[in-house]
2 protein chains.
Amino acid sequence: MWQCQGVSRPDAPAGAVRQGSLREWNLAVVLGRIAAADHPPSRAGLAAETGLTRATVSAVVEDLVAGRLVTEAEPTPRTGAGRPARGLVLAADGPAGLGLEVNVDYLAACVVDLAGRVRHHTVHRADLRPLTPAEALRRLVELATRARAEAAREGLTLAGAALAVPGLVDDAGLVRLAPNLGWRDVPVPALLAGHPPLTASVDGVPPLVVENEANLAALGELHAGPDGAASFLHISGEVGIGAGIVLDGSLFRGARGWSGEIGHIPLHPDGPACRCGGRGCLETYTGQEAILAAAGLAGADLPADTATTRLAELAEGGEPAVLRALHHAGSALGVAVAGVVNLLDLDTVVLGGGYAPLAAWLRPPVLTEISHRVLTAAWSPVTVRPAVLGAEAAAVGAAGSVVRRILARPAGWLTHRG
Amino acid sequence: MWQCQGVSRPDAPAGAVRQGSLREWNLAVVLGRIAAADHPPSRAGLAAETGLTRATVSAVVEDLVAGRLVTEAEPTPRTGAGRPARGLVLAADGPAGLGLEVNVDYLAACVVDLAGRVRHHTVHRADLRPLTPAEALRRLVELATRARAEAAREGLTLAGAALAVPGLVDDAGLVRLAPNLGWRDVPVPALLAGHPPLTASVDGVPPLVVENEANLAALGELHAGPDGAASFLHISGEVGIGAGIVLDGSLFRGARGWSGEIGHIPLHPDGPACRCGGRGCLETYTGQEAILAAAGLAGADLPADTATTRLAELAEGGEPAVLRALHHAGSALGVAVAGVVNLLDLDTVVLGGGYAPLAAWLRPPVLTEISHRVLTAAWSPVTVRPAVLGAEAAAVGAAGSVVRRILARPAGWLTHRG
């Protein structure tokens with residue numbers, strides 16, 4: 001089945017409209033309007049906007065305030081007579097989302113509140129490849145525990161967690177394959193069982209969702225990026241290359257949640273062997289190791305983040321081998337991206353992860369390939385830009401995905417609280 | 001904006017639920033249940049299924065029957081006492097959709113009724129490349145007029161039309177580019193203006209929608225194909241190669257409706273020049289002309305349908321050059337399809353159009369490439385199968401898209417009628 005996540009509009013009640021679901025629907029509609037408003041709306045404004053009666057809006061708002069989802073903004077001073085209207089905003093001390101990430105050379109944890117603000121963020125650098133999955137996840141639990149304590153100190157309650165993994169994850173949270181971590185068939189939820197805050201369950205918000213890192217990084221960019229680009233391809237350029245496809249504000253996950261493996265699009269069908277078993281995959285030309293090798297830095301054994309910084313410094317200094325390597329990588333990336341744009345008709349491509357700091361050099365050759373190869377490029381230009389978030393995108397996107405679930409179905413959180 | 005078509009579930013009313021939209025919603029819900037039922041449901045059964053009261057269901061059904069959308073099935077004889085329950089079915093003499101197609105070497109028109117049955121279908125073979133767009137469309141109007149007369153004779157009313165064109169179409173029906181027809185910036189609706197039945201307007205059903213042929217062919221396959229494969233890639237292999245992406249029963253159209261240009265995915269970045277201006281596009285290896293050339297039949301100048309039949313006959317007879325050509329084409333197609341599956345995580349690939357009769361020879365090399373190149377192939381096999389419909393898929397899909405729009409929003413049709 002095809003699934004969408006990160007949808008801010010609540011699902012319609014199944015079948016015809018009944019009384020119970022009507023309350024849930026109205027809660028979600030009113031909360032959604034408060035979340036989307038540029039200025040804190042009043043109850044009267046919400047009634048006018050939604051077509052609900054004043055009395056209904058007042059009752060719904062009362063529930064939302066009692067449930068710590070919504071709070072009254074400071075009143076605006078008024079010069080005229082009468083009580084000043086009090087606007088409504090999302091609570092800064094209600095439920096929050098915990099975002100976690102395990103990657104090849106770091107662990108991360110972050111907390112995002114209902115309004116989307118990042119309230120806590122820790123990154124722990126370490127090469128995780130020598131560790132067993134259980135050892136790596138034990139370290140992650142330490143970070144999560146610290147994040148929970150920080151959240152509690154700020155008056156926030158963690159309502160759920162999402163974990164980003166650089167690999168293919170099934171619906172049950174089993175990591176089928178994370179080639180660059182060396183993980184295969186790792187049952188993450190079982191390994192994390194019994195660790196609060198990863199097991200506290202809120203109705204409608206699963207305690208822990210395990211999801212592909214590139215998918216969550218795309219959600220992070222949706223969260224942090226400029227308004228208006230609600231459909232884009234977000235490419236995470238690390239040791240491996242993954243992509244998240246965001247369509248109209250929702251993550252496109254594919255038939256089984258395994259979409260976005262752009263790194264394994266064949267670039268040259270008879271090219272070099274890839275770790276996946278295929279030949280000539282994009283990753284073998286534009287993955288971090290391939291770029292370092294082409295730049296003559298193969299043996300340098302730099303950690304991933306340092307490698308990117310080093311490449312950017314050398315390119316900045318005009319080092320010819322590095323400039324050539326980045327040009328070739330950008331061209332290869334552009335060929336694959338042109339194929340994707342021809343297939344999906346996306347108008348925005350975001351260079352994320354390790355590609356973000358290299359975007360100044362990757363972007364021109366990517367644009368050249370697009371202009372030569374995309375059928376509609378002449379009358380409908382494609383925007384290519386660096387991501388707003390860098391390596392932290394996946395953890396932020398993970399935490400944000402928890403928050404979006406609460407906003408989409410506030411009744412679940414309210415029931416839990418009661 | 002990202003749009004979905006062919007959705008059988010009605011859209012939720014915008015914002016909160018109000019009285020007017022509630023009636024529309026209930027009409028769509030009840031009609032949807034009748035359309036989806038395996039056996040004609042009774043009013044009591046519909047009430048139980050939807051949670052609506054018996055009285056509401058009866059009123060809704062009365063509206064649907066009066067509007068010729070629904071009719072009572074023949075009563076099942078009962079042995080017990082009491083009136084036999086009368087099941088409800090979609091009307092066979094209500095509104096219908098007109099599907100049209102302009103392609104390189106044929107024109108087509110077909111009529112599909114509310115239950116999805118093809119009630120009329122004409123194909124007119126002619127090389128349309130020497131004609132101006134206005135001349136080609138004039139001939140199409142003749143076919144459409146005949147189809148309307150046939151529909152009227154069977155008691156059907158055409159509620160709208162959709163036209164399939166092998167090219168890129170914008171939201172206003174302007175054909176930006178149809179390379180194999182030689183069309184560029186052709187304002188189809190303006191050229192067809194004033195021609196009934198293409199201009200009769202029904203609220204909620206635009207009189208004429210112009211759409212990419214490969215997209216509509218995919219909808220045709222959705223309509224005619226086996227149940228359960230509601231997400232698939234449908235490839236139309238003609239002189240050009242296009243694809244339609246169906247996700248959970250809906251056509252994925254991309255940011256501007258130009259998705260599916262699989263023929264211009266780069267296969268060998270430095271390969272032969274393509275008509276699109278790019279190099280090494282898939283189409284230059286697996287388009288019909290490329291296969292004929294590889295098989296040594298380049299100069300034969302066969303019309304498209306004959307060419308495919310001829311290739312199939314020669315392959316059947318074991319002609320080595322043809323078998324080799326089909327094997328190479330299948331391998332090239334498989335490389336591109338593997339990239340698409342890695343990107344989108346689809347589990348079904350349908351070989352349509354001119355590929356359908358050649359599927360016996362194309363399928364094995366396509367499967368080989370998938371098994372070598374798709375990351376998830378080992379534990380999640382991809383089905384590759386020939387399309388159920390051949391070249392007629394686009395016209396059937398076009399007519400079906402009109403019918404789906406009526407089913408999704410019956411209130412529009414009922415208002416029109418009144």
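The values are calculated or read from the model by the stated rules, or taken from the named source; none is laboratory data. Note that the structure is predicted; figures quoted are calculated from it, not measured. Positions of Cβ are backbone-derived with ideal geometry, glycine not excepted, and every protein chain shown enters the neighbour counts.
Hey, could you check segment A:255-291 for residues that are in contact (Cβ under 8 Å) with a residue 24 or more places away in the chain and touching a Cys at 6+ places or on another chain (Cβ under 8 Å) and say which is nearest to A:A217 (Cα to Cα)?
Only one residue fits best here, namely A:G263.
B:A152 versus (1) in the same structural domain as B:V210 (by TED's automatic domain parsing); (2) free of Cβ contacts under 8 Å to residues at least 40 places away in the same chain; (3) buried (at least 23 other Cβ atoms within 10 Å of the Cβ); (4) not basic (K, R): which is the lone unmet condition?
(3)
Going by the conditions given, is A:L222 at pLDDT 85 or above and not assigned by TED's automatic domain parsing to the domain that holds A:G339?
Here the answer is yes, as A:L222 does meet what is asked.
Has segment B:271-284 got at least one residue that is at pLDDT below 95, buried (at least 24 other Cβ atoms within 10 Å of the Cβ) and in a loop (DSSP other than H, G, I, E, B)?
Yes, because at least one residue in segment B:271-284 is at pLDDT below 95, buried (at least 24 other Cβ atoms within 10 Å of the Cβ) and in a loop (DSSP other than H, G, I, E, B).
Scan segment B:184-207 for residues that are at pLDDT 80 or above, in contact with a helix residue (DSSP H, G or I) (Cβ under 8 Å, 6 or more places away or on another chain) and either part of a strand (DSSP E or B) or closer than 28 Å to A:N342 by Cβ (or both) and jot them down.
B:V186, B:V188, B:L191
For segment A:234-251: of the residues being among the aliphatic types (A, V, I, L, M) and touching a Ser or Thr at 6+ places or on another chain (Cβ under 9 Å), which is surrounded by the fewest Cβ atoms within 10 Å (Cβ to Cβ)?
The selected residue is A:L247.
Somewhere in segment B:242-262, is a residue part of a helix (DSSP H, G or I) and either more than 8 Å from chain A (Cβ to nearest Cβ) or among the β-branched types (V, I, T) (or both)?
yes
Is there a residue being in a loop (DSSP other than H, G, I, E, B), under 25 Å from the mean Cα position of the chain (by Cα) and surrounded by fewer than 20 Cβ atoms within 10 Å (Cβ to Cβ) anywhere in segment A:290-303?
Within segment A:290-303, one or more residues are in a loop (DSSP other than H, G, I, E, B), under 25 Å from the mean Cα position of the chain (by Cα) and surrounded by fewer than 20 Cβ atoms within 10 Å (Cβ to Cβ).
Are there helices (runs of 4 or more DSSP H) fully within segment B:312-418 with at least 1 residues that are surrounded by fewer than 19 Cβ atoms within 10 Å (Cβ to Cβ)? List them.
Filter on segment B:312-418 gives B:320-344, B:359-373, B:410-417.
May I ask you to list the residues in segment B:154-174 that are among the β-branched types (V, I, T), within 18 Å of the chain's Cα centre (by Cα) and farther than 17 Å from B:H264 by Cα?
Within segment B:154-174, just B:V165 meets the criteria.
Has segment A:252-267 got at least one residue that is in contact with a Gly (Cβ under 9 Å, 6 or more places away or on another chain), surrounded by fewer than 18 Cβ atoms within 10 Å (Cβ to Cβ), over 25 Å from B:A329 (Cα atoms) and not assigned by TED's automatic domain parsing to the domain that holds A:G182?
No, there is no match, as no residue in segment A:252-267 is in contact with a Gly (Cβ under 9 Å, 6 or more places away or on another chain), surrounded by fewer than 18 Cβ atoms within 10 Å (Cβ to Cβ), over 25 Å from B:A329 (Cα atoms) and not assigned by TED's automatic domain parsing to the domain that holds A:G182.
Residue check, A:A230 against (1) of a type in the set (A, V, I, L, M, F, W, C); (2) in contact with an Asp or Glu (Cβ under 7 Å, 6 or more places away or on another chain); (3) under 16 Å from B:L375 (Cα atoms), all met but one. Which one?
Unmet for A:A230, out of (1) of a type in the set (A, V, I, L, M, F, W, C); (2) in contact with an Asp or Glu (Cβ under 7 Å, 6 or more places away or on another chain); (3) under 16 Å from B:L375 (Cα atoms): (3).
Run A:G277 past the list (1) closer than 28 Å to B:G278 by Cβ; (2) in contact with a helix residue (DSSP H, G or I) (Cβ under 8 Å, 6 or more places away or on another chain); (3) within 14 Å of chain B (Cβ to nearest Cβ) and report the number of the one that doesn't hold.
The single condition A:G277 does not satisfy is (1).
Filter segment A:208-233 down to residues that are away from chain B (no Cβ under 13 Å) and assigned to a strand (DSSP E or B) and give me whichever is surrounded by the most Cβ atoms within 10 Å (Cβ to Cβ).
Among those residues, the one meeting the criterion is A:V210.
Within segment A:69-102, how many residues are touching a helix residue (DSSP H, G or I) at 6+ places or on another chain (Cβ under 9 Å) and either modelled with pLDDT of 90 or more or not in a loop (DSSP other than H, G, I, E, B) (or both)?
Final tally of qualifying residues: 18.
Could you check segment B:46-64 and list, in sequence order, the residues that are touching a residue at least 12 places away in the same chain (Cβ under 8 Å) and not charged (D, E, K, R)?
Result: B:L46, B:T50, B:L52, B:T56, B:V57, B:S58, B:V60, B:V61, B:L64.
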